[in-house]
1. Out of region 314-323, which residues are part of a loop (DSSP other than H, G, I, E, B), in contact with a Lys or Arg (Cβ under 7 Å, 6 or more places away or on another chain) and either open to solvent by 80 Å² or more (accessible area, probe 1.4 Å) or at negative phi (or both)?
2. Could you tell me which of the residues Val624, Val599, Val567, Val559 is more than 30 Å from Asp320 (Cβ to Cβ), touching a residue at least 12 places away in the same chain (Cβ under 8 Å) and surrounded by 21 or more Cβ atoms within 10 Å (Cβ to Cβ)?
3. Tell me which residues, restricted to region 310-349, are modelled with pLDDT of 90 or more and of a type in the set (Phe, Trp, Tyr).
4. Restricting to region 397-414, what's the tally of residues that are open to solvent by 10 Å² or more (accessible area, probe 1.4 Å) and assigned to a strand (DSSP E or B)?
5. Could you tell me which of the residues Arg447, Arg394 is crowded, with 18+ Cβ neighbours inside 10 Å, assigned to a strand (DSSP E or B) and of a type in the set (Lys, Arg)?
6. What number of residues in region 544-572 are farther than 21 Å from Leu472 by Cβ and more than 60 Å from the chain's Cα centre (by Cα)?
7. Scan region 479-498 for residues that are open to solvent by 10 Å² or more (accessible area, probe 1.4 Å), of a type outside the set (Val, Ile, Thr) and in a strand (DSSP E or B) and jot them down.
8. Answer yes if at least one residue in region 191-212 is out of contact with any strand residue (DSSP E or B) (no Cβ under 9 Å at 6 or more places or on another chain), of a type in the set (A, V, I, L, M), open to solvent by less than 100 Å² (accessible area, probe 1.4 Å) and at pLDDT 90 or above, and no otherwise.
Amino acid sequence: MDEDSQLDSSPSIIRPELPEHLFPRSIELGEESNSHTQPDPVQDENAQYNLNEATTSSNNEASNEPREYDIWRPNIGVYNDDSNSVQAQASQSEPETVQLQETAPLVPWRPGLSLLNDNSSSAFHSEDSNTGIINQESNSLSSFPDADVKKEESLDEPPAKVRKLSSPKHNDEMDGETCPICLDTWGNSGDHRLVALKCGHLFGAQCVERWLRAQNTKDRSCPTCKGKAALKDLRFIYARRLVAADTSQITTLQKQIDFLQAEKSRAELELQKSRIAHRACVLQLEVLRSTLMKTQVSKEQAPRRSWRFALEKNLEICKDGGCRVLTYNCRTCELYVSQKSTNNLFPGFGIRKISCVDYKLGQFVHLHTKPIRDVTYSQPRDLLLSVGLDSTARIVERGIPSTSIQCGLPLWSCSWDYLRSNEFYVGGVGGVIHQYDVRNPSSYIQRLNAPGDMSPVVSLCSTEYGLLSCQLNSSWLWVANMRQWEPRSLPVDGPFMSLCYDNESHRALLSRRAGCNERSRLTLCKLKASVPSGEILFDIEQTFTGSARSSLMSRSSWVKAPGASWVAAHSESDSSLYLHGLDGARTMSLPAVEPALDVCSTQMNGDTIVAALSESRLRLYKAVPTNS
């Protein structure tokens, strides 16, 4: 069935008798539009707007000059990217079909398209609302009343505003700014800085490292192209076109946070250690207070006990000799004995550790190239100080040599400061005393010289009253006045061999050397400060007679046991070690075939042990209580 028969069969279509050359246009449009898509809604609005204008103009012309067939050629408006509308004007002189321009898209023709229905007077309407085919009928059809009403309604409405469709925004702007793994911006520093793999793809350093580490070494590949990749292929990228967020300030702040957190942890650890140490000190203070109270009660009520000393151990230290001095470490319960090195590859002198628990020889520590003249131990800092004739002072910290000090003169004696645990004194030839600080041992703090005596300083003892120094010909008490030392001579005549001091009883023991017609003597002096003037007073309490000859420089010492105390000194003429009793204790003599050069007394587990050192052997005596 052709189109004319369809129009005749439709009851709602009025088909006037018009020339046939008017219809080929719409038929040709319908045939050509079958292969195109539906028009844009904007095209419908433009076509309707052109329809209204064309209808108005045709009515005006018809009223002025009536013609039998007035054919109107519509302006077809098509929307594209270059202009809002494209008008195609047909020629009025030729009755052939109207051809559309190639630039305008063809409007599809639908079967339901009707011409000149009752509700429209000037356009062809499609059943589909989106169809943009509009045709103006001729002026001869404008006489229908329904058509006039439709034209008035279309004239009252304003034309729709033509809007240009905006193209969708592309995501090209975001390319090169985010990591394809975590979709977060990368930076030019820090853990998430911009890196590239061997294949050229870009990632954040932290993300791609985590990606590669999560895979096996052989199966590691690029997250984008799946090409082979390795951790060594990572390269930092510095490019202008790639936008990298400036995270240097954030990285710096993060490092500062990490540093502050580490400092906080360290401070908390130090605080915890300090609390533990404080708790230990409080407990120790309570123990000392209780011990002091028990001691005072025992002194008032308990009677004095009598003691005897039995030989506990006789140890051979060195066959070649070279032993000279010793001291006791109360922390490790060890004796430090100076001796000559037995290793020919490392000649010199050092100290040998001897345990007072099992009486076994321990480690040997090499310290000096020449003989050692004195050693002393500091309990607060756990440091051992030794001096020798090689003009060197050595500090041993926890059994390991840590500091070596060149003093510039052969040294004979040393002592730690009584109040300041970081300072010490060394005495040498020429009567010179140097004061040092372990925190800056490169140079001495002060230099002291006894007036009128150039003999070597054989003994040094730091006390609460000042520094006691003993030279071969004189003995002095150095009193500190505003960090300036003033020497005061002790009321004891020389020559001297040694000096020692007891901090509990505030008494000093001076060992005087034997002369031509007299025996050696031990002088006991008590130091005290006078209340009105503050001067230091020296009271000679006791004097003990010793050996008839003194060819060796032997040292005397204090020996204490519960309820008794003695002063120990070797008698070279009697070949024995004398213990002179104090405060009512009886005097005892211990056999010593070899001369005792130094004597040391210790308290361990409630037992009193006396160590006597000769050139090659060490004898240990233990105090045993007696009934009488």
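The values are calculated or read from the model by the stated rules, or taken from the named source; none is laboratory data. Quick caveat, the model's predicted, so the values are computed rather than measured. Every residue, glycine as well, gets a Cβ built from its backbone with ideal geometry; the counts of neighbours run over all protein chains shown. Each accessible area value is taken on the protein alone, full model and side chains, heavy atoms only, with ligands, DNA and RNA left out. Shrake-Rupley method; radii C 1.70, N 1.55, O 1.52, S 1.80 Å.
1. Ile317, Cys318, Asp320
2. Of Val624, Val599, Val567, Val559, the one residue that is more than 30 Å from Asp320 (Cβ to Cβ), touching a residue at least 12 places away in the same chain (Cβ under 8 Å) and surrounded by 21 or more Cβ atoms within 10 Å (Cβ to Cβ) is Val567.
3. Those that are modelled with pLDDT of 90 or more and of a type in the set (Phe, Trp, Tyr): Tyr328, Tyr336, Phe349.
4. 8
5. Arg394
6. Total meeting the criteria: 0.
7. So in region 479-498, the residues open to solvent by 10 Å² or more (accessible area, probe 1.4 Å) come out as 479-495, 497.
Subset that is of a type outside the set (Val, Ile, Thr): 480-491, 493-495, 497.
Ala480, Asn481, Gln484, Trp485, Glu486, Pro487, Arg488, Ser489, Met497, listed by residue number.
8. So the first thing to find is which residues in region 191-212 are out of contact with any strand residue (DSSP E or B) (no Cβ under 9 Å at 6 or more places or on another chain), and the list is 200-201, 207, 210.
Narrowing the set further to residues that are of a type in the set (A, V, I, L, M) leaves none.
Checking region 191-212: not a single residue is out of contact with any strand residue (DSSP E or B) (no Cβ under 9 Å at 6 or more places or on another chain), of a type in the set (A, V, I, L, M), open to solvent by less than 100 Å² (accessible area, probe 1.4 Å) and at pLDDT 90 or above.
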